[in-house]
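Enquirer: So that we are looking at the same thing, I have put the structure below in structure tokens.
Please treat every number below as a calculation from the coordinates, not as lab data. All of these numbers come straight from a predicted model, not from anything done at the bench. Don't worry about glycine lacking a Cβ; one is built from the backbone with ideal geometry, like all the others, and counts go over all protein chains shown.
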Amino acid sequence: MPETLRLEVTGLRRSFGGAPVVDDVSLAVAAGQVTCLLGPSGCGKSTTLRMIAGVERPDSGAIRIDGRAVFGAGVEVPPEGRSVGLMFQDFALFPHLTVAQNVAFGLTGEKAAKVRRVGDLLERVNLAGYGDKHPHELSGGEQQRVALARALAPRPRVMLMDEPFSGLDNRLRDGIRDATLEVLKEEGTAVLLVTHEPDEAMRMADEIALMRGGRIVQRGAPYNIYNAPVDKAAAAFFSDINVIRGVSRGALTDTPFGAFLTPGHADGAAVEIVIRPQHLKIDFDRGGRGPNPTVADGTPARGVVQRARYLGRESLVDFRMDHDGSVLTASVPGVFLPKAGTALWLMIRRDRCFVFGTGGR
Ligand SMILES: Nc1ncnc2c1ncn2[C@@H]1O[C@H](COP(=O)(O)OP(=O)(O)OP(=O)(O)O)[C@@H](O)[C@H]1O
Ligand SMILES: [Mg+2]
């Protein structure tokens, strides 16, 4: 028996004015797991979430919550019958109700049980003692936590969150993300969280579903998505990238950085070698010579520092390469800030680069 799937979405589609906006989206979220739907603006994330919530109607596809069909094959359960909790960016608390009344809003049943549940949740989100206050007396972060407690109160099987932290300032956001995650894990809720911020997805997700143009292009743990991107665009979504172009011959591609293994690429096929700035290695110039080539890092190529920016934790250094005038960017620990005009040697870690055909894959 596989772990219980709280949310199963199969082949979901939706077009607006003939243009597909969500195109064959399938995903599954188990109890206590967080899946982040991550992708650029307009790629169809919110539309997907709205269809699962039941406020937007799919053209086709199926949605199951807790093993029960809520959409598909003639079934269409209205939003209030789906046992989903919703949290959106503009979560509006009811201004005329107290914090406790806001949290109790979706609860039915006996009064004493409701009071217990509200008290328990307020404690969980670190707002014990705030029950009698009104929303306008709370900070943005406190209001956000009330909204979380309210969404969790009826014990939804699935929590749908659409950019719920984007209204918060940076300093507050990290703490609230972590607190939210902790509560959701404790409650064993299955969470589908929409974001366009890779950092947020990396921080929150057990699984990331990377979306582009209405489709999920890659699914996996944050580690895998970051370290084994499915194509150049997927790599570029998480950080700046450097691209070195070449032509594959006999499963090897020669470049000024030495040869790269390019198995699976036909002779004569154009390939792109993609490397993140933090995986370029830098070495000093020794009177016009660089370090010796190695198997792990290939052959060094010389470049001249064009610009170096100190960002605190790291410095970003742009190099103009001697061999073709192209610009490559390296990220180095912040203590190292070379002057413009300095000649240095760059090497590419073979275990950290990605090779794609120019079709993108
Ligand atoms: N009701 C609608 N009628 C027409 N087009 C719509 C409708 N809702 C969404 N769209 C279009 O569908 C596309 C996807 O919208 P969606 O809101 O799902 O994007 P998103 O991935 O959530 O983007 P963002 O990160 O900016 O919130 C957009 O091009 C949008 O203009
Ligand atoms: Mg959206």
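Enquirer: Can you compute the helix-only [θ] at 222 nm over the chain? Use -39500 (n - 2.57) per DSSP H run of at least 4 residues, normalise by all residues, nearest 500 deg cm²/dmol. Walk me through the numbers before you get to the answer.
Expert: Details: 8 runs with 80 residues, N = 361.
Estimated from H runs of four or more residues: -6500 deg cm²/dmol.
Enquirer: Say a site is exposed when it is one of the GluC sites (Glu not before Pro), sits in a DSSP loop, and has at most 12 other Cβ atoms within 10 Å; what is then the longest site-free stretch of the chain?
Expert: It works out to 111-361.
Enquirer: What do you get for trypsin sites (Lys or Arg not before Pro) in the range 237-342 restricted to DSSP loop and a cutoff of at most 15 other Cβ within 10 Å of the site's Cβ? Before the final figure, lay out each step's value.
Expert: Numbers: sites: Arg245, Arg249, Lys281, Arg286, Arg289, Arg302, Arg307, Arg309, Arg313, Arg320, Lys339; in loops: Arg286, Arg289, Arg313, Lys339.
In loop regions of the range 237-342 (DSSP not H, G, I, E or B), the sparsely surrounded trypsin sites (Lys or Arg not before Pro) are Arg286, Arg289, Arg313, Lys339.
Enquirer: Where does helix 140-152 land angle-wise versus the long Cα axis of the chain, in degrees 0 to 90, nearest 10?
Expert: So the inclination is approximately 60 degrees.
Enquirer: Just to be sure I understand the model, the point goes 7 Å from the Cα along the line to the Cβ. What's the resulting Arg289 to Leu261 distance in nm?
Expert: My value for the distance between the label points is 3.0 nm.
Enquirer: Please enumerate, by chain and number, the lysines with C-alpha under 24 Å from the C-alpha of Lys185, excluding those fewer than 8 residues away in the same chain.
Expert: Answer for Lys185, where 24 Å is the Cα cut-off: Lys45, Lys114, listed by chain and number.
Enquirer: 7 Å from Cα along Cα→Cβ at both Ala343 and Ser139: what's the point-to-point distance in nm?
Expert: 5.4
Enquirer: Moving to a separate point now. Find the centroid of the Cα atoms in the range 90-109 and in the range 15-84, then give the distance between the two in whole Å.
Expert: Between the Cα centres of the range 90-109 and the range 15-84 lies a distance of 26 Å.
Enquirer: Which far-off residues, 5 or more places away or on another chain, put their amide H under 5 Å from the one on Gln89, with H placed in the peptide plane?
Expert: Asp162
Enquirer: Of Gly264, Gly18, Gly325, which has the largest mean-square fluctuation in a 10 Å C-alpha GNM of the chain?
Expert: Gly18
Enquirer: Among DSSP bridges having both ends in the range 53-175, what percentage is antiparallel? Round to the nearest 5.
Expert: Once the DSSP bridges in the range 53-175 are tallied, antiparallel ones form about 50 percent.
Enquirer: Mind checking which lysines have their C-alpha under 22 Å from Lys111, skipping anything on the same chain fewer than 8 residues away?
Expert: Lys133
Enquirer: Report, ordered by chain and residue number, the aspartates and glutamates lying within cross-link reach of Lys232, taken as a straight Cα distance under 15 Å and ignoring same-chain residues fewer than 8 apart.
Expert: The reachable aspartates and glutamates, counting only those whose Cα sits under 15 Å from Lys232, are Asp240, Glu272.
Enquirer: In cubic angstrom, how much convex hull volume per residue do the alpha carbon atoms of the range 205-361 span?
Expert: Working: hull volume 20.4 nm³, N = 157.
Hull volume normalised by residue count: 130 Å³.
Enquirer: Looking only at Phe91, Phe16, Phe105, which one moves most when the chain is put into a Gaussian network model with springs between Cα atoms under 10 Å?
Expert: Phe16
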